[in-house]
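S.K.: Okay, handing you the structure first.
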Amino acid sequence: MDPIWQILVNGVGLGAVYGLVAVGIQLIIGVSGVPNFANGQFYMLGGYVLFLILGFVGIGYFPSLFLCILILAGIGAIAERISIRPLMERPRSAGLISTLALGMFIEGLILILFTAEPKTINTPYSGIILSIGDVSLSVQRIIMAVGGVGAFVLADFFVRKTKVGKGLRAMSQNKQACRIFGIDIFKMSRIAFMLGVALAAFAAGLVVPLFALSPFMGSFIIFKAFAVVIIAGIGEIRGVMFAALLVGLTESLASFYIDPLFRDVTAFLFMICVLLIRPQGIFGEKSDLLFAK
Amino acid sequence: MPGNWTNPKVIAAMIVVVLLIGFGTGYLTATYTIQPTSSKQPISIGLVLGLSGRYSYGAQQALSGARMAIQEINDGGGVLGRPLELIAEDDRGVVADTVSGANKLIDVNGVHYLLSTGASGGTLAIMPIALEKKVVLLNFMTSSPAITNQSGIGGNPWTFTLCPDEFAYARAFASLVNTSEIPANSFSFLAYDMAWGRDACAAYVQYIEAAGGTITSTNFYDPASTEFTTILTKIKAENPGGIITMTTTESLLIILKQANELGITLPVYNRAVGLGPALIASGGNLTEGLYGMDPWYAVVNTTANTEFLQKFKLFSGTVPEQYWPWSAYETIHALGEAIQKAGSDDAEAVRTALTTIDMPSATGGSIKFDEHNAAHNYVFIAKIRNQQVTIVTQGPG
């Protein structure tokens, strides 16, 4: 029997994973114009911080997740000060290389501290499996999907309705004008980076109980997340959710009906098609932030 | 201040930091040399392995196994009165780096004996180098049948394999198909998309079909992938009697989790992930009933194996998670015996001597090379029952 519903549920789950990592990238790239290639490693770091909190503090899953997000936000503030702020007046390539180096540093540090031996995080929800007809999924995956939607809604509300969020949007449009109007661009950059990293930590906290923890888990997902960002359009948070869902569903369908190896190619083929037809992304505006000064 | 990069003090400070980081990491990570304390000219042995990177935990244990053997031999007076020296190169699990590491060990460090890396693709890549430069290559970890096919009378007399190849594991597994231990006779494969994964799959398909079994599908995945629900959904729909995996430890843990999530209760027969305490601790109840196929397990009940485990724990402070440290340990001892038998460290003489050795292995088998320079030690099929590893069967390697 064709397990189409399971395939679709798998796709939604995949999309939620990519979207959670991508929304943090979108916030940072939208504000500072710098593609944060270290976001995958911050996602991985969030997993390890959660692992340590669960193992040594013993305050339960959700309080541990909250603490993990706060810790990573703090780390994000420090990382922004070191790797993004000094290069704000430089060409974007400098920030790109800086975040690449930052990512390698984080990965290397975790490898030294924890070795490459994979670890697992179990929550009270990862072992509870629900079966509805032919569809099976864990409560943890439902939490992940709900958390993902919640993160998108909150991030979108923050960017569109709050004063700080409007400042972030202003910065993404014109930094010079922001300076003239007295908006502290360094503060905005720090806030965006902290939020982006915090979202990566939130993603890890929801997702890692479904996978295994290793120093290399961020390297693979970052490229998928960037594909989602490009498909959505640079700076478009609303578009990220839709694009992530599209990518997840396409991968799930391709894996079943074509070949599992084809799955990982799908996101990038999709990205190329979108770029050929609509270079600014599905939801993007024609001004391409990546190439604007 | 941001942007003040023309300040000479800032530039000088950056140069110092970069140099410190570069020299520091280079000193700590790139080349590991375990040098003897004797004043006599040491006999150098090279080792190329993924000492950093994805496979580094097992590789570091393999390095410890090799070092332990070197120390034992040197404490006993060395070989031909000379100490052994181990020079290790880190290839990070990348085949291109395996080749450059092997060339460096041979051309720069002047080694005549080389222990191969952790990936079959890497071993296959450096076999022509061993042939061209007349260096004894000892394959102690990788199991692609292509390696043994090409060795000895297969064309490369300089490569020796001390671990069983995939045909040996496949034979042992197929002998259990349609029995009470493995009542299933249809299987789906889930293997990572590298030379070893594909070769291993092909070997198992051949023997399972010869034993009357059927293959419902062979599924390959990118080694870096962390999401298996899509492949597992496909496998579940095929309804095989079992799943045979050829994966890394990380992937296997994820597969077990996600298979459980999808309601898959099929038995999992894993090739290559050691059934060690770390796997059981990480996987918990999900590892119950998991099979493994390897040439060594800690529970293999021989006096020599018990002694090896005790010595390794004292030496490294860790417990072996898989067969790599044991294999490295026995390979160094086999090489030492061959050099002693040859009466010199001339590579050609040692190569000839290797073809004549017959030494016991800690698992109860023996290290004795056939016409393809393959030593047929035992293979074991094991299973986790009540969080303990138990041996199901053993077969010829």
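S.K.: Determine which single condition A:Phe256 fails, assuming it passes every other condition in (1) open to solvent by less than 20 Å² (accessible area, probe 1.4 Å); (2) at the interface with another protein chain (Cβ under 10 Å from one of its Cβ atoms); (3) not basic (Lys, Arg).
M.R.: Every listed condition holds for A:Phe256 apart from (1).
S.K.: So B:Thr230 ticks every box in (1) open to solvent by less than 50 Å² (accessible area, probe 1.4 Å); (2) more than 8 Å from chain A (Cβ to nearest Cβ); (3) of a type in the set (Val, Ile, Thr) but one. Which box is left unticked?
M.R.: Status for B:Thr230: all satisfied but (2).
S.K.: Tell me, yes or no, whether the range A:66-75 has at least one residue that is of a type in the set (Val, Ile, Thr) and within 18 Å of A:Phe220 (Cβ to Cβ).
M.R.: No.
S.K.: Residue check, B:Ile243 against (1) within 14 Å of chain A (Cβ to nearest Cβ); (2) surrounded by fewer than 18 Cβ atoms within 10 Å (Cβ to Cβ); (3) at pLDDT 95 or above, all met but one. Which one?
M.R.: Of the numbered conditions (1) within 14 Å of chain A (Cβ to nearest Cβ); (2) surrounded by fewer than 18 Cβ atoms within 10 Å (Cβ to Cβ); (3) at pLDDT 95 or above, the odd one out for B:Ile243 is (2).
S.K.: Kindly indicate which of B:Gln394, B:Gln340 is farther than 25 Å from B:Gly152 by Cα, of a type outside the set (Phe, Trp, Tyr) and in contact (Cβ under 8 Å) with a residue 40 or more places away in the chain.
M.R.: Criteria check complete, one pass: B:Gln394.
S.K.: Follow-up question, since we're still on this one. Specify the residue that is modelled with the lowest pLDDT; the eligible residues are those in the range B:109-126 that are more than 21 Å from B:Glu330 (Cβ to Cβ) and part of a helix (DSSP H, G or I).
M.R.: Ranking the candidates gives B:Gly121 first.
S.K.: For A:Ala201, all conditions in the list (1) away from chain B (no Cβ under 14 Å); (2) free of Cβ contacts under 8 Å to residues at least 24 places away in the same chain hold save one; what is the number of the exception?
M.R.: Looking at each condition in turn, A:Ala201 falls short on (2).
S.K.: How about the range A:178-198: which of its residues are of a type outside the set (A, V, I, L, M, F, W, C) and either away from chain B (no Cβ under 14 Å) or in contact with an Asp or Glu (Cβ under 7 Å, 6 or more places away or on another chain) (or both)?
M.R.: A:Gly182, A:Ser189, A:Arg190, A:Gly196
S.K.: Could you tell me whether B:Phe315 is among the aromatic types (Phe, Trp, Tyr), at pLDDT 95 or above, on the phi < 0 side of the Ramachandran plot and open to solvent by 40 Å² or more (accessible area, probe 1.4 Å)?
M.R.: Spelling it out, B:Phe315 is indeed among the aromatic types (Phe, Trp, Tyr), at pLDDT 95 or above, on the phi < 0 side of the Ramachandran plot and open to solvent by 40 Å² or more (accessible area, probe 1.4 Å).
S.K.: Okay, moving on. All but one of (1) within 13 Å of chain B (Cβ to nearest Cβ); (2) farther than 30 Å from A:Ile128 by Cα; (3) out of contact with any Ser or Thr (no Cβ under 7 Å at 6 or more places or on another chain); (4) surrounded by 16 or more Cβ atoms within 10 Å (Cβ to Cβ) hold for A:Val247; which doesn't?
M.R.: (2)
S.K.: If you don't mind, there's one more thing I want to ask. Go through the residues of the range A:234-242 one by one and say whether even a single one is within 30 Å of A:Gly55 (Cα to Cα), out of contact with any strand residue (DSSP E or B) (no Cβ under 9 Å at 6 or more places or on another chain) and open to solvent by 20 Å² or more (accessible area, probe 1.4 Å).
M.R.: For the range A:234-242, residues within 30 Å of A:Gly55 (Cα to Cα), out of contact with any strand residue (DSSP E or B) (no Cβ under 9 Å at 6 or more places or on another chain) and open to solvent by 20 Å² or more (accessible area, probe 1.4 Å): absent.
S.K.: Return the residues of the range A:204-224 that are outside any helix (DSSP H, G or I), more than 8 Å from chain B (Cβ to nearest Cβ) and crowded, with 24+ Cβ neighbours inside 10 Å; say none if nothing qualifies.
M.R.: A:Pro215
S.K.: May I pose another question? Might you check whether a residue that is within 14 Å of chain A (Cβ to nearest Cβ), open to solvent by 40 Å² or more (accessible area, probe 1.4 Å) and either under 24 Å from B:Thr287 (Cα atoms) or in a helix (DSSP H, G or I) (or both) occurs anywhere in the range B:176-196?
M.R.: Checked against the condition, which is being within 14 Å of chain A (Cβ to nearest Cβ), open to solvent by 40 Å² or more (accessible area, probe 1.4 Å) and either under 24 Å from B:Thr287 (Cα atoms) or in a helix (DSSP H, G or I) (or both), the range B:176-196 yields at least one hit.
S.K.: Now a separate question. Please go through the range B:38-53 and give me each residue that is in a loop (DSSP other than H, G, I, E, B), within 14 Å of chain A (Cβ to nearest Cβ) and either at pLDDT 90 or above or surrounded by 24 or more Cβ atoms within 10 Å (Cβ to Cβ) (or both), ordered by number.
M.R.: B:Gly50, B:Leu51
S.K.: Identify the residue in the range B:345-366 that is in a helix (DSSP H, G or I) and among the charged types (D, E, K, R) and, among all such residues, is least open to solvent (accessible area, probe 1.4 Å).
M.R.: It comes out as B:Arg351.
S.K.: Moving on. Within the range A:7-45, track down each residue that is part of a helix (DSSP H, G or I) and touching a Lys or Arg at 6+ places or on another chain (Cβ under 6 Å).
M.R.: A:Gly13, A:Tyr18
S.K.: Follow-up. Out of the range A:89-148, which residues are farther than 20 Å from B:Arg54 by Cβ, open to solvent by less than 60 Å² (accessible area, probe 1.4 Å), in a strand (DSSP E or B) and touching a residue at least 12 places away in the same chain (Cβ under 8 Å)?
M.R.: Result: A:Val135, A:Ser136, A:Leu137, A:Ser138.
S.K.: Just the residues that are open to solvent by less than 40 Å² (accessible area, probe 1.4 Å) and within 19 Å of B:Ala59 (Cα to Cα), please, taken from the range B:100-117.
M.R.: Once the filter is applied, which keeps residues that are open to solvent by less than 40 Å² (accessible area, probe 1.4 Å) and within 19 Å of B:Ala59 (Cα to Cα), the range B:100-117 yields B:Gly101, B:Ala102, B:Leu105, B:Tyr113, B:Leu114, B:Leu115, B:Ser116, B:Thr117.
S.K.: Considering every residue within the range B:94-104, establish whether at least one is out of contact with any helix residue (DSSP H, G or I) (no Cβ under 6 Å at 6 or more places or on another chain), in a loop (DSSP other than H, G, I, E, B) and assigned by TED's automatic domain parsing to the domain that holds B:Val350.
M.R.: Yes, the range B:94-104 contains a residue that is out of contact with any helix residue (DSSP H, G or I) (no Cβ under 6 Å at 6 or more places or on another chain), in a loop (DSSP other than H, G, I, E, B) and assigned by TED's automatic domain parsing to the domain that holds B:Val350.
The values are calculated or read from the model by the stated rules, or taken from the named source; none is laboratory data. Predicted model only: the values in this text are computed from it and were never measured. Neighbour counts are summed over all protein chains in view; Cβ atoms, including those assigned to glycine, are modelled from backbone coordinates with ideal geometry. Accessible surface areas use protein heavy atoms only, side chains included; no ligands, DNA or RNA. Shrake-Rupley method; radii C 1.70, N 1.55, O 1.52, S 1.80 Å.
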